[in-house]
Amino acid sequence: MTFDLPERFWRGNLHTHTNLSDGYLSPAETAQVYRSAGYDFVAITDHFRPEYGYPVTDTRDLRTDGFTTLIGAELHAPRTEAGQQWHIIAAGLPLDFAPPSDFETGPELARRARTAGAFVGIAHPSASLLTAIDAESLDAAHSVEIYNALSDRENRGDSWHLADVLLNRGHRLTTYAADDAHLQPQDPPPCQAWVHVRAETLDPDALLAALKAGHFYSSTGPELYDVHLEGEAIVVRCSPATKILLTGGHPGAELAQGTNLTECALPLTLFRGTHCRITVEDAAGGRAWTNPIHLPSSS
């Protein structure tokens with residue numbers, strides 16, 4: 001499991017816009033916002049659309065010894081069941097990634113991005129009103145954006161339901177949280193949702209490999225120190241929390257509640273033969289989520 005690996009965690013945002021598309025600040029100013037907030041990396045994912053000149057924003061000159069960037073874009077092509085364009089996060093694109101053809105579909109565009117080496121995420125599915133049919137067609141995706149801080153202002157920030165449906169249908173997807181920061185004056189403040197990626201170094205290739213392998217967890221506040229299986233239980237150690245919740249591929253949950261929880265063990269019986277995940281919630285309402293953990297029918 002991720003927490004058993006010898007590497008360390010690096011904090012980053014995977015969904016970020018600048019003034020090269022519809023963001024407010026320049027790439028350098030945007031990177032500085034995250035660097036100043038203690039982040040280790042950021043992926044600039046400007047909208048890959050014709051009105052912006054199909055930008056794959058070159059952020060290599062923003063990298064320092066203690067901060068790095070992933071080169072990417074938010075890809076678009078028609079069309080979802082709701083009649084909208086696809087929103088597809090691609091972190092780790094080559095700078096010469098070609099614009100879509102007039103007839104390229106969202107799933108085809110995602111496949112091309114994955115073939116080019118990108119980590120591919122299904123962006124804000126709740127806000128985009130994606131259906132399970134939509135999401136299943138995006139067969140190149142590595143991950144589902146299960147929390148989008150910008151979409152939360154529309155009460156559509158949480159997309160766990162769709163992720164659980166896909167997982168129950170056999171799709172081995174991971175799950176990530178992100179800001180979707182545009183840094184416009186009217187927007188919510190940045191640095192509200194992030195991933196902690198476990199990798200040996202702060203090298204873009206190492207981060208991308210860890211993301212693709214699912215070696216990360218997501219948070220809007222709490223920290224996870226350890227999550228591991230122990231017999232018929234899952235053991236969790238975390239920063240002070242008010243709730244530690246075990247949910248997954250069956251209705252129902254196991255939970256521990258208190259005022260200053262930092263450790264607990266929860267029984268796995270309910271989720272044998274399917275997937276489960278840990279959610280930690282703190283007193284301020286912040287949450288942290290593991291990636292899905294797939295369990296055999298018996299230990």
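Each reported figure results from applying straightforward, stated rules to the coordinates on display, with no laboratory input. Just so you know, these numbers come straight off a predicted model, no measurement behind them. FYI the Cβ positions are ideal-geometry reconstructions off the backbone, even for glycines, and counts take in every protein chain you see.
Structure values in brief
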read-out: Charge dipole (debye, nearest 20) of the stretch 224-294; +1 at Cβ of Lys and Arg, -1 at Cβ of Asp and Glu; value: 180 debye
read-out: Separation of alpha-carbon centers, the stretch 118-161 and the stretch 56-71, rounded to whole Å; value: 25 Å
read-out: Cβ charges +1 (Lys, Arg) and -1 (Asp, Glu), total dipole of the chain, debye; value: 420 debye
read-out: Mean-position separation - Cα centroids, the stretch 246-297 and the stretch 1-18, in angstrom; value: 20 Å
read-out: Length gained when the stretch S239-S36 is fully extended (0.36 nm per residue, less Cα-Cα span); value: 70.8 nm
read-out: Computed helical MRE - 222 nm, the chain, DSSP H runs ≥ 4 contributing -39500 (n - 2.57), nearest 500; value: -4000 deg cm²/dmol
read-out: Segment Q257-A28, length gained on full extension (0.36 nm per residue, minus Cα span); value: 78.2 nm
read-out: Over the stretch 22-75, relative contact order from alpha-carbon pairs under 8 Å, at least 6 apart, %; value: 37 percent
read-out: Net length gained if the chain between L129 and N155 were fully extended (0.36 nm per residue, minus Cα distance); value: 8.1 nm
read-out: Whole-angstrom Cα spans of the stretch 68-218 along principal axes, big to small; value: 41, 36, 33
read-out: Relative contact order [Cα under 8 Å, 6+ residues apart], the chain, whole percent; value: 15 percent
read-out: Amide H within-cut-off set for H215, under 5 Å, with H built and near neighbours excluded; value: none
read-out: Cβ-derived FRET efficiency at R0 41 Å, S297 paired with Y52, nearest 0.05; value: 0.25
read-out: As computed over the stretch 134-214, the Cα convex hull volume per residue (Å³); value: 115 Å³
